[in-house]
Every structure is written in structure tokens, then in C-alpha cells.
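**Q** Structure below; questions to follow.
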Amino acid sequence: MMGIDPPFWYDGLPRLTGSLVHLREVVSADAPLLFELLSDPAVTEHISPPPPSVEKFAGFIRWAHQQRSEGRSVTYGIVPRGLETAVGILQLRALDPTWIAAEWGFAVGAAFWGTGLFAEAARLTATFAFEQMHVDRIEARAAVTNGRGNGALHKMGAAAESCLARSLRRPDGGYEDQLLWSLRAEDWRCRDDPFARGRFDAAAAKRAIRERIQAVQNELARDSATTPADDASFYPFLLTVQPKS
Ligand SMILES: CC(C)(COP(=O)(O)OP(=O)(O)OC[C@H]1O[C@@H](n2cnc3c(N)ncnc32)[C@H](O)[C@@H]1OP(=O)(O)O)[C@@H](O)C(=O)NCCC(=O)NCCS
């Protein structure tokens, strides 16, 4: 019997290149720096708790590869030009088996906030999702108190569609409301691109990112981070239910 071939990206994600960053699938060598940057309380304030050790981060990366090979979700590492390791992640997960609708999750090391790095990474992944994965609608949920998360989605041209009352469980047992944002392929094609309008200063962004890379490299040299083994146990993270520790 003839079957339908799975999409090309089941075998591996294509590299996406911008002027400030390149995106490639997360790799185990990213685990030490991602653990360091994404364990920062400023980053974790509005997202599910990250893997609690470098080894568990490596388990997350193994899980991400398995998810991609099964067509369930994809996880890009955000690598600033001038660095080899990821300083943030962007994840897309299918909301239905055909990938007509997908959910977006993202987190970036606080040193790189406000540099334009995330905006470019988001633009590259949205273009990939709409044009190559044939996603029609990308959704994102952000806690109403998450100013930067909501600000970044608004800036991207996403529309706030509704408020999901008490939809986020906080580690302290309380609940928070979340905004449901959507970005549709059709709107994306007609969007007002801040890069094209010249509001965005690419030279200033590159300077800021260079300074932050230097700071991160100094930290890495101090910690002499090593790449964890490739056999860490699977550890789901970001757009998923957390495993019990
Ligand atoms: C979400 C995240 C990836 C965005 O990256 P970033 O570099 O901070 O995003 P940007 O600076 O490009 O955009 C944020 C926008 O929100 C604006 N903003 C900041 N605080 C705000 C607030 N309280 N209210 C409204 N807007 C706010 C910023 O001014 C900026 O807009 P501008 O560039 O027009 O000034 C990053 O902040 C992050 O990793 N946060 C922690 C994890 C997280 O919350 N993930 C999202 C879960 S939905």
C-alpha cells in the first residue's frame, strides 16, 4: 500500500539565517548555557519550570528530537551571530495532527532581551511555520502579568483574542489569567514589518548583542561547561505537562 511521505523536517530542521541570529535545532552542547540562562528567575517567572539540571536539560533536548521525528513539535535554538551555542529556544507544537494550528512557546536569556534578537528569531520561525510547515494559525498563551511576553507578541502583529481565566497554575498553587494570542498566515503575509520600516536599528542591535555575547563567553569560560552525555532521560519542557520530579 502506498503511504504519504512525512514532511521533510521530520528528519531534521533546516537552519534559518537572519542578520542577527541563526536558528538550528537544539543540540546537547546547548544544555549547559541554556540551563544557566533559562534558570534565571527573571526568565522563569511566567513559564513552566525549566529542567532543574544540565543533565535534565540534555534530556529535554533528546525529547525535543524525538518529538520532531514523530511530527509532534519542533524546538529551535536561537544562536546569536558570533556564538555557537543557543541563548534561547523557540518551540512550535501541533494543536492538531495536520499542523493547521500550532502553539508557540519561547524563552531567551535575560541578557539578550530588548536587543532585537528575539524579534528576528520569531520572524524567521513564523515564516518557516507558515511557508514550509503550512501552518495556518499560530497561537500563544501569555500570563496577563507578563509584560515582555505580551509586548513581544503584540509587536509581532499577533492579535489578543481572549482572556483565559485562571488558566495558568503557579508554582505557589495560585492561578493566573492568560491572554490567548493568534497569528494567522494571511495576516502575516500582509503585516507591517518593523524591519522594513526602518524603526529597528540593526547596527545598534548587533552592537548590543556583541557586548552580551562577550559577557556570556566570560561566564562560560569561568564555569568551564562540559557537554553532557547523549543518553540523558527524556525531559519534556515548555509546551508540555511537566514530569514529576
Ligand atoms: C518573551 C521574550 C522571549 C521576548 O523577548 P524580548 O527580547 O524581551 O522581546 P522584545 O524586547 O523584542 O519585545 C518586548 C516588548 O515588550 C515591551 N514591554 C516590556 N515590558 C512591558 C510591559 N510591562 N507592558 C507592555 N509592554 C512591555 C518592550 O518594550 C518591547 O517592545 P518595544 O521593543 O516596542 O519596546 C523574553 O522576554 C523572555 O524570554 N521572557 C521570559 C520567558 C517568557 O515570558 N516567555 C513567553 C511566554 S508566552
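The values are calculated or read from the model by the stated rules, or taken from the named source; none is laboratory data. All values derive from a computational prediction rather than experimental measurement. Reconstructed Cβ throughout: ideal geometry from the backbone, glycine too, with neighbour counts over all protein chains shown. To get the accessible areas, we keep the full protein, side chains included, count just its heavy atoms, and leave off ligands, DNA and RNA. Shrake-Rupley method; radii C 1.70, N 1.55, O 1.52, S 1.80 Å.
**Q** Does the range 85-180 come out rounded, prolate or oblate, given a ≥ b ≥ c as the square roots of the eigenvalues of its C-alpha gyration tensor, rounded meaning a/c under 1.5 and, failing that, prolate meaning a/b above b/c?
**A** Oblate shape, in that a/c is at least 1.5 and b/c is the bigger or equal ratio.
**Q** While we're on this one: What is the percent carbon and sulfur in the accessible area of the chain, measuring with a 1.4 Å probe over the protein chains and ignoring ligands?
**A** 52
**Q** Another one. May I ask which residue of 73, 126, 152 lies farthest towards the positive end of the charge dipole of the chain, with charges of +1 (Lys, Arg) and -1 (Asp, Glu) on Cβ and the Cα centre as origin?
**A** 152
**Q** Any chance you could run the full-extension gain for residue 44 through residue 210? It's 0.36 nm times the residue separation minus the Cα-Cα distance, nm to one decimal.
**A** 57.3 nm
**Q** Given the -39500 (n - 2.57) contribution per DSSP H run of 4+ residues, what per-residue ellipticity at 222 nm results for the chain, rounded to the nearest 500 deg cm²/dmol?
**A** When only DSSP H runs of four or more count, the value is -10000 deg cm²/dmol.
**Q** Would you tell me the accessible area of residue 175, worked out with a 1.4 angstrom probe on the heavy atoms of the protein chains, in Å² to the nearest 10?
**A** Its accessible surface works out to 100 Å², give or take rounding.
**Q** To the nearest 20 debye, what charge dipole does the chain have about its Cα centre, counting +1 at the Cβ of each Lys and Arg and -1 at the Cβ of each Asp and Glu?
**A** 460
**Q** Moving on. How big is the accessible area of residue 104 in square angstrom, nearest 10, if you roll a 1.4 angstrom probe over the protein chains?
**A** 10
**Q** Right, here's the next one. Got a sec? Charge dipole of the range 1-55, +1 on Cβ for Lys and Arg, -1 for Asp and Glu; which of 13, 27, 50 is way out at the positive end?
**A** After comparing all options, I get 13.
**Q** Still on this model: Could you give the accessible area per residue of the range 45-125, probe 1.4 Å, as a whole number in Å²?
**A** 33
**Q** Lys/Arg Cβ at +1, Asp/Glu Cβ at -1, dipole of the chain taken about the Cα centre: which of 173, 115, 163 is farthest positive-ward?
**A** Farthest towards the positive end: 115.
**Q** Taking a probe of 1.4 Å, how large is the accessible area per residue of the range 134-176, in Å²?
**A** In whole numbers, the range 134-176 has 60 Å² accessible per residue.
**Q** Please work out whether the range 18-147 counts as rounded, prolate or oblate from its C-alpha gyration tensor, where a ≥ b ≥ c are the square roots of the eigenvalues and a/c under 1.5 means rounded, while otherwise a/b larger than b/c means prolate and anything else oblate?
**A** In terms of gyration-tensor shape, rounded.
**Q** Rank 222, 81, 207 by mean-square fluctuation in a GNM of the chain with C-alpha springs under 10 angstrom and give only the top-ranked residue.
**A** Between 222, 81, 207, it is 222 that shows the largest mean-square fluctuation.
**Q** Once you have a ≥ b ≥ c as the square roots of the Cα gyration tensor eigenvalues for the range 104-160, tell me rounded if a/c is under 1.5, and otherwise prolate or oblate according to whether a/b is larger than b/c.
**A** oblate
**Q** Mean Kyte-Doolittle of at least -0.5 and a Cα length of 15 Å or more along the axis: which whole DSSP H helices of the chain meet both?
**A** 117-131
**Q** Sticking with this one: Per residue, how big is the convex hull of the chain when only Cα atoms are used? Give it in Å³.
**A** 137
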